[in-house]
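Read the structure below first, then the notes.
Every number in this text was worked out from the coordinates using simple rules, so none of it is lab data. In this text the structure is predicted, and so the values were computed from the model without any measurement. Backbone-built Cβ (ideal geometry, glycine too); neighbour counts: all protein chains shown.
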Amino acid sequence: MKKVLVFVLCAAISVCVFGACAKKDTKETTKAAASTTVKMTTDSAVIKEADAINLIQSYSDDELGLTKKDRKKASFMVAGSGVEIEGDNYIEVVATVKNEHKDGDKISYTFDHLGIYYIRYDGKKIMRKDMESDKAKYIDMKIKAVPSTTSAVKEKKETSKETTKEKK
């Protein structure tokens, strides 16, 4: 009788342990799946990295929606991955200000976004986010043709070759 009781008790404990573990794993998997984000590469973008910053910086303060004071203190940075807006992929360039906060021995930093700008991967559409609006509202900007850093370097080399040939 004791053997049967021990066997039933062991079986009940095993069922409870495996049941609890299985239930816990399911919840964790669901949470992990819900928080997963997809990063888009910017490899196919025509204008990216330093070229994207140069393009956005070529606009006037009014076109960027910035005051002269804000423009002077802003740093322009490119997001590491692309952004999808209304079915199109964009490079995101942010005009931001870094703020330092001291609390005793601890120093922390916050970033205030003054402007957010989007360049479509094909370079044929440029927008800025309306920072005044609570909703995601975008304002189309006039497209400018700005030489990329790579094409500017290439053009400079070709010009110097032509100058050297003319001197000979």
### Task
Provide the per-residue ³J(HN,Hα) series for segment 108-125, in order, calculated from phi with Karplus coefficients 6.51, -1.76, 1.60 and θ = phi - 60°, each as a whole number of Hz, with x at glycine and proline positions.
10, 10, 10, 10, 9, 7, 8, x, 10, 10, 10, 10, 4, 3, 7, x, 9, 8
### Query
What are the principal axis extents of the Cα atoms in segment 67-136, in Å, biggest first?
48, 27, 23
## Note on the structure
Under 5 Å from the placed amide H of Thr42, counting only residues 5+ away or on other chains, we find Gly82
### Task
Multiply the residue gap between Asp43 and Ser75 by 0.36 nm, knock off their C-alpha separation, and tell me the result in nm, one decimal place.
9.2 nm
### Task
Quick one: net charge around Ser108, please, counting Lys, Arg +1 and Asp, Glu -1 for every other residue with C-beta under 15 Å from its C-beta.
-1
### Task
Name the residues whose placed amide hydrogens come within less than 5 Å of the amide hydrogen of Leu114, ignoring near sequence neighbours (fewer than 5 apart) on the same chain.
Ala95, Thr96, Val97
